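These notes are about the structure you will find just below.
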Amino acid sequence: MSNLKRNGSLRWTPSYLRRQGQMTPGQKRIYRDKWDDFGLEFRYGELIDPAVVFPGDGPLHLEIGFGMGENLIFQAKTHPEARILGIEVHKPGIGSALKKIEQEKLGNIRLMRGDARLILSDYLVEPTRFRQISVLFPDPWPDPESAHRRIVQDDLLALFEARLSPGGILHIATDVDVYRDHCLEIVSARKGWEKAGDYDGKRMRGPTRYELKGLEKDHTIHDMVFRWPG
Ligand SMILES: C[S@@+](CC[C@H](N)C(=O)[O-])C[C@H]1O[C@@H](n2cnc3c(N)ncnc32)[C@H](O)[C@@H]1O
């Protein structure tokens, strides 16, 4: 299916808030002017081949839910050899990321707009394998009744396993203790994942808006880095 429904039912419970504010006039302008340069559209029945849409043959990094794009920029600068793909649902964040990409004149980032689970499962050509996948400060859905809306779930890990190269790295950060516990439980329940103790998660990412929000509330930041042996 081209969309989030199968047999009339949603394939995934939305992990994001339905509304995330309006785009500012500046975000609208940059979106109109730059989306064609950095955005990848996906259509039912067509697969995206990063090898074609990205110049170079460097490793692929993926960031899911990049928000305003701070870490995309960090990744692109600290890994100039890498090809960075960012997926985000909300347009204001995409507009903001496009502005930063333009200001920093970065050529190694491409953006997709949509539910990352749909894109990973339906829209990437085989074999697309990422060296690194980052999920930074995902919407926490801290109440037990909304825990099913957390994006880190067994089925997302299954998608990651299919899309990581051997030895590929999964980096999750959160400022919410119950989300940290949730992730550790979900990851340890699947066979194969290893804690990548040789990686320092905090150094692997740039500071993001939601990290700063967490720090303002005196939350502890948890960076979890796992390796998929493949
Ligand atoms: C709490 S914000 C964190 C943003 C950013 N990573 C940061 O640290 O500032 C979570 C982001 O994930 C995005 N998101 C949530 N579920 C998503 C999904 N299934 N696919 C793509 N993006 C998603 C939301 O739109 C939101 O921008």
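Brief remarks follow.
- Matching residues in region 1-10 - criterion: being more than 11 Å from the ligand (Cβ to nearest atom) and assigned to a loop (DSSP other than H, G, I, E, B): 1, 2, 3, 7, 8
- Exactly one residue out of 146, 121, 134 is closer than 21 Å to residue 38 by Cβ and either at pLDDT below 95 or within 15 Å of the ligand (Cβ to nearest atom) (or both), and it is 134.
- Qualifying residue in region 46-61 (condition: exposed (fewer than 11 other Cβ atoms within 10 Å of the Cβ) and in a loop (DSSP other than H, G, I, E, B)): yes
- Residue in region 46-56 that is β-branched (Val, Ile, Thr) and without any contact (Cβ under 8 Å) to a residue 40 or more places away in the chain present: yes
- The set of residues in region 14-31 that are within 14 Å of the ligand (Cβ to nearest atom), modelled with pLDDT of 90 or more and assigned to a loop (DSSP other than H, G, I, E, B) comprises 14, 15, 16, 23.
- Within region 175-187, considering residues that are of a type outside the set (A, V, I, L, M) and farther than 13 Å from residue 225 by Cβ, the one surrounded by the fewest Cβ atoms within 10 Å (Cβ to Cβ): 185
- Complete set of residues in region 95-133 that are over 28 Å from residue 199 (Cβ atoms), among the hydrophobic types (A, V, I, L, M, F, W, C) and touching a Gly at 6+ places or on another chain (Cβ under 9 Å): 98
- Here is the figure for region 41-77: residues that are among the aliphatic types (A, V, I, L, M) and modelled with pLDDT under 95 total 5.
- Considering region 103-132, the residues that are crowded, with 19+ Cβ neighbours inside 10 Å and touching a His at 6+ places or on another chain (Cβ under 7 Å) include one that is farthest from residue 205 (Cα to Cα), namely 130.
The values are calculated or read from the model by the stated rules, or taken from the named source; none is laboratory data. Everything numeric here is computed off the predicted structure, so don't read it as measured data. Don't worry about glycine lacking a Cβ; one is built from the backbone with ideal geometry, like all the others, and counts go over all protein chains shown.
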